[in-house]
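Enquirer: Handing you this structure, nothing more for now.
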Amino acid sequence: MSPPGNGKDVSVTSVTPAAAATADLSPASWAALLTPRLAWFAGVARHEHITQAARDLAVPQSTLSRAMARLEADLGVSLLARHGRAISLTPAGRSFARSVERALGEVERAAEAVRTDADPAAGKVAFGFLHTMGPETVPGLLRAFRVDHPRVRFALVQSYGEDMIERMRTGELDLCLTSPIPEALDLVTRRLDEQRLFLVVPADHRLAGRRRVRLAEAAEEPFVTLEPGYGLRRLTEALCERAGFRPRVAFEGEEPETLRGLVAAGLGVALLPPPTMPRPGVRDLTVTAPRAVREIGLAWMAGRPDTRPVADFKRFLLSRRGRLVGEPGLPAVRGEDDAR
């Protein structure tokens, strides 16, 4: 479908940077027609629920429903599949939502940039980090950073690596602490630290009286792990493979402390970083072979300009290299601080 008022289809094979940065603002252009409704569509896409989106957007549900119907009519494409009161995104809707999120992210960054230019001591950093770093590591980092930057605000996202990388690509995040350290041409990464992983067993387990264990000694045990897609799941499988076996997964979860609860209930063993608080019913055993650690790194988008607060926080995090997680007794990080 051609934009309104345009009587021909246009095939674009290449766009110069200057052209890509300039939108058609004529009254009949797609930009002028759709922009007022894009934030509403993004809200609906995130929730896949009109009532919840209307509540968050502070607009009447009927107004939002009519706006979505008009958006689909203008595009000539079904973006939402309706199932009674429930809705879901169509394949076209998911594709459109990703592009809309990127566009809105650019608007958000532009607004933050001009605000920061006016007052470089203030501004917002959108920062992602692993769930296991939420209880202690990240609060400690933020407290230390805000001693010298008390007016900087933070939007915090706890998630797993692949999700945070995608959120950076759409502009939702500026920086993230993740593991394993990703390798992609559009990313810049720095290795900051490493964290020991322990074999966690029930308190009444046959190995519970030990302090150290070879991972191969758990080859016949059922494992509880994070779901596929999580970095710790991939690392668990890789370490077990190095120990000469494939783990028999009995239960999968989304959060490490839940896995500790499953271990305490006698449902399996797990490879996990140290807990923030001691958990009754389990024992954490040091793995002597293979060396069981996970690398933790900082990632950001290559070529994306930083606002002043993002640049300051990035420098602060890089200065914590080798002492990020603060686990006593673990050797400092080795190797060069190179972009990957």
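The values are calculated or read from the model by the stated rules, or taken from the named source; none is laboratory data. Just so it is clear, the model here is predicted, and its values are computed rather than measured. Note that we place each Cβ from the backbone using ideal geometry, even for glycine, and neighbour counts take in every protein chain shown. SASA here: full protein model, heavy atoms, side chains in, ligands and nucleic acids out. Shrake-Rupley method; radii C 1.70, N 1.55, O 1.52, S 1.80 Å.
Enquirer: Using 0.36 nm per residue of separation minus the Cα-Cα distance, give me the extension gain between ARG234 and THR63 in nm, one decimal.
Expert: Details: separation 171, 0.36 × 171 = 61.56 nm, distance 4.53 nm.
Working it through step by step, the gained length comes to 57.0 nm.
Enquirer: Here's something else I'd like to know. Can you bin region 84-228 into rounded, prolate or oblate? Criterion: square roots of the alpha carbon gyration tensor eigenvalues sorted a ≥ b ≥ c, rounded for a/c under 1.5, prolate for a/b above b/c, oblate for the rest.
Expert: oblate
Enquirer: Once you have a ≥ b ≥ c as the square roots of the Cα gyration tensor eigenvalues for region 199-282, tell me rounded if a/c is under 1.5, and otherwise prolate or oblate according to whether a/b is larger than b/c. Working shown, then result.
Expert: On the way: a/c = 1.59, a/b = 1.10, b/c = 1.45.
It comes out oblate by the Cα gyration axes.
Enquirer: Follow-up question, since we're still on this one. Can you pull the percent of region 180-293's accessible area that's carbon plus sulfur, 1.4 Å probe, other chains left in place? Each step should come with its number before you reach the end.
Expert: On the way: 2720 of 5510 Å².
C and S fraction of accessible area: 49 percent.
Enquirer: Something else now. GluC sites (Glu not before Pro) within region 216-271: which are DSSP loop residues with at most 14 other Cβ atoms inside 10 Å? Show your work: numbers first, answer last.
Expert: Values: sites: GLU217, GLU220, GLU237, GLU241, GLU252, GLU254, GLU257; in loops: GLU220, GLU254.
The qualifying sites are GLU220, GLU254.
Enquirer: Shifting gears a bit: Taking the mean number of other Cβ atoms within 10 Å as a proxy for protection, how do you rank 52-61, 278-287 from highest to lowest? Numbers along the way, then the final one.
Expert: On the way: 52-61: 14.5, 278-287: 16.6.
In decreasing order of mean packing, 52-61, 278-287 become 278-287, 52-61.
Enquirer: Which of the trypsin sites (Lys or Arg not before Pro) found in region 137-230 are loop residues per DSSP with 14 or fewer other Cβ atoms within 10 Å of their Cβ? Please list the in-between numbers first.
Expert: Details: sites: ARG143, ARG146, ARG151, ARG153, ARG167, ARG169, ARG190, ARG191, ARG196, ARG206, ARG210, ARG211, ARG212, ARG214; in loops: ARG151, ARG206, ARG210, ARG211.
Taking region 137-230 and a limit of 14 other Cβ atoms within 10 Å, the loop trypsin sites (Lys or Arg not before Pro) found are ARG151, ARG206, ARG210, ARG211.
Enquirer: Oh, and also: Put a dot 7 Å past each Cα toward the Cβ at SER88 and LEU75; how far apart are the dots in nm?
Expert: Label-label distance for LEU75 and SER88, simple model: 1.8 nm.
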